[in-house]
Structure formats: structure tokens, C-alpha cells
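For reference, the structure discussed in these notes is given below.
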Amino acid sequence: MSASAPTRSTQPGQRPRAWTAEQARQDTSWVLRLTEEQVQGMRDALVHARSLNKPLLEMEQADFPLNDAAREVLQRAIDTTQGRWGMCLVKGFPVDEWTEEEARLAYWGMSLYMGVGRTQNRASEFMNDVRNEGGEYKVKGGRGYNTNAGLDFHQDSCDVVGLLCRRTAKAGGTSKVISSIALYEELERRRPDLIPVLKGTWFHSYQGTQDPVQPQYYRCPIFGSHPEFFAARTNRKNTVAAQRDFPEIPRLTPAQNEALDLLDELMPSELLCYTMELEQGDMQLLNNYVTLHSRTPFEDHEEPDRKRHLFRLWLAVPGSQPLPDDWKEYYGDVRAGSVRGGVRGSAITQAFLDYEKRQADALGMAREAWRPQVRQEDMTRILAEYERNGTAQEAA
């Protein structure tokens, strides 16, 4: 697909729309079930990829040669995330047949047909293992994926987040998803006065995942202001962390705190919150601009290989929507269908940069060499301007 080709997200009749939990239960057109032909295509491609023994970052589509049926279902899954629901659940991956490393290889091979992988943490890793490794969630630098904690509603830092479930928990770990478009509409109905507040200036902590030349925090509105395309981004943990750890940034106003409290009330509500149990062999794909997600705490099995384990990919996808101009500070590129998002971290390798360019070219995606939109010295000047103007809103 070329970068300029029409995509689902740019066609108004096929863009994401608001949905409630009940609507997601009643209409399951966002759920796809793999056929035997599609599964066999993945099995065969894995056999070929294993015989090559290539490092993941050196792989191309030809190294994971899917049949037409398997290619088609992966394309349909990504298209579904850019359409009405903003999410897709694909069921039936044969992970029970694969070792952990075979499942990792298969998931990466499939990703070569879906998008460009993004780095996800301070170690600049491009595939994360979502499992309890003893991490802590609500601490300085804490992330949720390596804990067994329940998570705040949030979105990941990419067009589409993909989770492939290899092992389920003994109990808990239920996935929760809401339409952030429906959240916006409910906020507009209840408290229209808070909408401009949520579209204003907000500071969030990178939680240590930034490039060393970037500041430790960034600015991004919770609701975007693009004239045609909806986008939302919120993670109260990181907003609170910025307030806790960086006294130099503007303090939250009473209206901002009130808005966050109302979000916390609405997001888990029965009206908006759809819950799903991710089963072994499920792949969940979420469009991060129009959905928010969380999970419940979980209890693990004792045996190591039975513990809850999902593979997580952050993807930039060819059919993505444009983003608001003031989201460029965080995402790096706001053009539709561009390679963007992820967190830079401090360990980017040449092998990853080579992969990124090769994969972007293969998918016809626009790509610019990475550069920091805001450096530490720039943020010092920005904060001085805020100080002179009195409030972040005035300086925005």
C-alpha cells in the first residue's frame, strides 16, 4: 500500500465511531476467527523462518512466507482497527503447538505484514513480554506490563497495540476496553465546560523512557483538536507522576483535577467499559487514538511455563489517521500513514534503524529520520515562558 493511497481511516463512512459496552456485546463483527487454511499458512511460514535462523530485525516478509489466506486475515484485522470499532480480536492462533521462542518468531513474522514495530521502553525493546516479573506499577519509572497489578485506563504510544496471548492467568487479568469517542460524548453531555480544559496543555512523565537528549516529560492534550479526526490520550498515572517528580512544571488547576476525576468515574462505568477474557491463542489489536484500555489484577499459576504471558507489539500502520499538530512533540510525525510513535529509550541500535527503514519502504509508509521535537534546553525555555505568562493555558 502506498503512503498516499486511500485508507479506511481517511474515508468518512468507515472511520471509527462511538460505541457502548452493550453495543460491543451485541455486534461482534470486530471478532475474527482463523480458518484452518489461515492457521496452516502461519504454521508453514514458521517452519521456513526457523530454517533460516535470522535475527528478528533482519527478517523481511519473504522470510515468513504466508499464504494468501493468512495475509488477508492480518490485513483485515488491521483494517478493522481503523474502522467502526477501533479494535479487533483475532482468535485461533496455534500457540499451544509452539514453544515460547517459536511463538515470538511467529508473531514477529506476522507483524511484517501489519506495520512497523516501535520501541517500547527505556531499553528500546521492540517486543515486550507482558508477564509478572516483580515490577511495581505506581512508582517513579513504573510500567504496568511487568507486574500483576490492575492498570489505570490508558493507551499505548503507537497507532495500534497488539497482544498475542500465549498463557492465561490462574485468575484475573481481564481486559477492559472503552471507546474514547463515546467517553468524549458522555463528557460533553455531562460537563461541556471541561472539554476545553481537556484540550488544553497537560504535562506527562515519560517514566524514564525518553531519549537522553529529551526532557523527562512532555506536553500532550488529553483530547485532540484535529478538525476532522478524533484522537484521545490519557494515563493518569503518568500525569500524576509528572506532578510528583518535577516541581518545575505548572501545577494542575482545580478544573484539571476535576476533569481527571470525572474521567476516572466514567471510564470503568457499565455504560462504557467492555470486558473481555483474552484466551490462549487470541490476538487483541487496539487503535490507540479511539480506544482506552486497562486490565484487572491477576493471580499466576505456580509452574513457570503456565504463568500469564502475552507478547506485545507497538505498531505504526499504513492506514493510520493524521494526528493533531500539537501531538507532534510526543509522536514525532502527525501525517496519516507515517512511521511514528513508540518511546525512544536509550539503547536504539543500527539494526533497529535499518529494520525500520526497510519495513517502512516495504509497506509504502512515509518516514523521517528521528529527531527530538523538544530537547531539554528547549523545555527550560518553554517553562520560563509559562512562568512569565502565569499559567500553562496562557502560554499554550
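The values are calculated or read from the model by the stated rules, or taken from the named source; none is laboratory data. These numbers were taken from a predicted model, which means no experiment stands behind them. In this analysis, Cβ positions are derived from the backbone assuming ideal geometry, glycine residues included, and neighbour counts consider all displayed protein chains. Protein only, heavy atoms only, side chains kept; ligands, DNA and RNA dropped before computing areas. Shrake-Rupley method; radii C 1.70, N 1.55, O 1.52, S 1.80 Å.
For region 90-116, which positions are closer than 13 Å to residue 164 by Cβ, assigned to a strand (DSSP E or B) and under 19 Å from the mean Cα position of the chain (by Cα)?
Result: 90, single match.
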Which one of these does residue 103 not meet: (1) open to solvent by 10 Å² or more (accessible area, probe 1.4 Å); (2) in contact with a strand residue (DSSP E or B) (Cβ under 9 Å, 6 or more places away or on another chain)?
(1)
Any residue in region 302-324 that is out of contact with any helix residue (DSSP H, G or I) (no Cβ under 8 Å at 6 or more places or on another chain), part of a strand (DSSP E or B), of a type in the set (Asp, Glu) and within 20 Å of residue 171 (Cβ to Cβ)?
no
Quick one: residue 84 ticks every box in (1) more than 13 Å from the chain's Cα centre (by Cα); (2) open to solvent by 10 Å² or more (accessible area, probe 1.4 Å); (3) at pLDDT below 95 except a single one, so which number is it?
(3)
How many residues of region 106-153 are of a type in the set (Gly, Ala, Ser), surrounded by fewer than 19 Cβ atoms within 10 Å (Cβ to Cβ), modelled with pLDDT of 95 or more and under 22 Å from residue 175 (Cβ atoms)? The answer is 0
So which strands (runs of 3 or more DSSP E) are wholly in region 187-297 and hold at least 2 residues that are in contact with a Pro (Cβ under 9 Å, 6 or more places away or on another chain)?
291-295
Check on residue 251, open to solvent by 20 Å² or more (accessible area, probe 1.4 Å), touching a residue at least 40 places away in the same chain (Cβ under 8 Å) and among the charged types (D, E, K, R):
no
Need the failing condition index for residue 257 against (1) open to solvent by 40 Å² or more (accessible area, probe 1.4 Å); (2) modelled with pLDDT of 95 or more; (3) under 30 Å from residue 166 (Cα atoms), just the number.
(3)
From the options 71, 25, residue that is at pLDDT 95 or above, surrounded by fewer than 16 Cβ atoms within 10 Å (Cβ to Cβ) and basic (Lys, Arg)
25
Note: among 344, 312, just one is open to solvent by 10 Å² or more (accessible area, probe 1.4 Å), farther than 23 Å from residue 182 by Cβ and under 14 Å from the mean Cα position of the chain (by Cα), namely 312
In this structure, is residue 329 farther than 25 Å from residue 108 by Cα and free of Cβ contacts under 8 Å to residues at least 60 places away in the same chain?
no
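Okay, residues lined up against (1) at pLDDT 95 or above; (2) open to solvent by 80 Å² or more (accessible area, probe 1.4 Å); (3) within 23 Å of residue 282 (Cβ to Cβ); (4) under 20 Å from the mean Cα position of the chain (by Cα):
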{"site": "1", "(1), (2), (3), (4)": "no, yes, no, no"}
{"site": "7", "(1), (2), (3), (4)": "no, no, no, yes"}
{"site": "33", "(1), (2), (3), (4)": "yes, yes, yes, no"}
{"site": "48", "(1), (2), (3), (4)": "yes, no, no, no"}
{"site": "51", "(1), (2), (3), (4)": "yes, yes, no, no"}
{"site": "56", "(1), (2), (3), (4)": "yes, no, yes, no"}
{"site": "65", "(1), (2), (3), (4)": "yes, no, no, no"}
{"site": "88", "(1), (2), (3), (4)": "yes, no, yes, yes"}
